[in-house]
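**Student:** The structure is given below, and queries will be raised subsequently.
The values are calculated or read from the model by the stated rules, or taken from the named source; none is laboratory data. A quick note: this is a predicted structure, and the numbers were derived from the prediction, not measured. Neighbour counts run over all protein chains shown; Cβ positions are idealised from the backbone, glycine included.
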Amino acid sequence: MRQSPSRYASCLHPLSFVAIVSAAVLMECNGAFAHGIGGQDAAFVAGTRGPDLMPFMYLGAKHMVTGYDHLLFIFGVIFFLYRLRDVVLYVTLFSIGHSITLLTGVLLRIDVNAYLVDAVIGLSVAYKAFDNLGGFKSVFGVQPDTRAAVAIFGLIHGFGLATKLQALGLNANGSSPT
């Protein structure tokens, strides 16, 4: 018999939520490593000349599968899902949101405070942990629309990488300044 998330929440110690939130905040405050572009990746992207799409596709793909902020958030989103169709829906919503702000942030040079974005990304992980523990229903008596939350947080996560790409100082044609 499958139990609902709120049923799980009643079995968890209140400190479980505090531990999850603390871990998320500490990871995001620890130099924002989830979105850091340095070393070989920065050199790889900086070595592009002209509108070369492949280095940026590589960096984006690597970021999506190694960025612990994405992995924590998506793991929290799919934790209680048991149908593949739902998993695909939520991962797609997150990916579309992420891609929209990543592309528009970089191409339109939308300047957003990187520290604020990283703080909200940490909050997104804590939000999902609180949601999974049944916090919204038990504390506030309502359940936010999970699909909308995933899409909105996907938009914010996309700005995380966009701010780091902007910090590389790429020229309008996609190459690094010489």
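**Student:** Given the condition within 20 Å of Leu165 (Cβ to Cβ) and surrounded by 14 or more Cβ atoms within 10 Å (Cβ to Cβ), answer yes or no: does some residue in region 77-84 qualify?
**Tutor:** No, there is no match, as no residue in region 77-84 is within 20 Å of Leu165 (Cβ to Cβ) and surrounded by 14 or more Cβ atoms within 10 Å (Cβ to Cβ).
**Student:** Is region 86-100 home to any residue that is of a type in the set (Val, Ile, Thr), free of Cβ contacts under 8 Å to residues at least 12 places away in the same chain and either surrounded by 14 or more Cβ atoms within 10 Å (Cβ to Cβ) or touching a strand residue (DSSP E or B) at 6+ places or on another chain (Cβ under 8 Å) (or both)?
**Tutor:** Scanning region 86-100, I find at least one residue that is of a type in the set (Val, Ile, Thr), free of Cβ contacts under 8 Å to residues at least 12 places away in the same chain and either surrounded by 14 or more Cβ atoms within 10 Å (Cβ to Cβ) or touching a strand residue (DSSP E or B) at 6+ places or on another chain (Cβ under 8 Å) (or both), so the answer is yes.
**Student:** Residue check: is Ala42 touching a helix residue (DSSP H, G or I) at 6+ places or on another chain (Cβ under 6 Å), modelled with pLDDT under 90 and surrounded by fewer than 18 Cβ atoms within 10 Å (Cβ to Cβ)?
**Tutor:** no
**Student:** While we're looking at this one, here's another question. So Gly50 passes all but one of these: (1) in a loop (DSSP other than H, G, I, E, B); (2) at pLDDT 85 or above; (3) in contact with a Gly (Cβ under 8 Å, 6 or more places away or on another chain). Which condition number does it fail?
**Tutor:** (2)
**Student:** Sticking with this one: Looking at Leu165, Leu108, can you tell me which residue is out of contact with any helix residue (DSSP H, G or I) (no Cβ under 8 Å at 6 or more places or on another chain), modelled with pLDDT under 90 and not small (Gly, Ala, Ser)?
**Tutor:** Leu108
**Student:** Same structure, new question: Could you please find all residues in region 138-150 being surrounded by fewer than 20 Cβ atoms within 10 Å (Cβ to Cβ) and out of contact with any Asp or Glu (no Cβ under 9 Å at 6 or more places or on another chain)?
**Tutor:** Ser138, Val139, Phe140, Gly141, Val142, Asp145, Arg147, Ala148
**Student:** Can you tell me which of (1) within 20 Å of the chain's Cα centre (by Cα); (2) of a type outside the set (Phe, Trp, Tyr); (3) within 28 Å of Val88 (Cα to Cα); (4) modelled with pLDDT of 90 or more is the one Leu116 doesn't meet?
**Tutor:** (3)
**Student:** Criterion first (out of contact with any Phe, Trp or Tyr (no Cβ under 7 Å at 6 or more places or on another chain) and more than 15 Å from Val150 (Cβ to Cβ)) does Met57 satisfy it?
**Tutor:** yes
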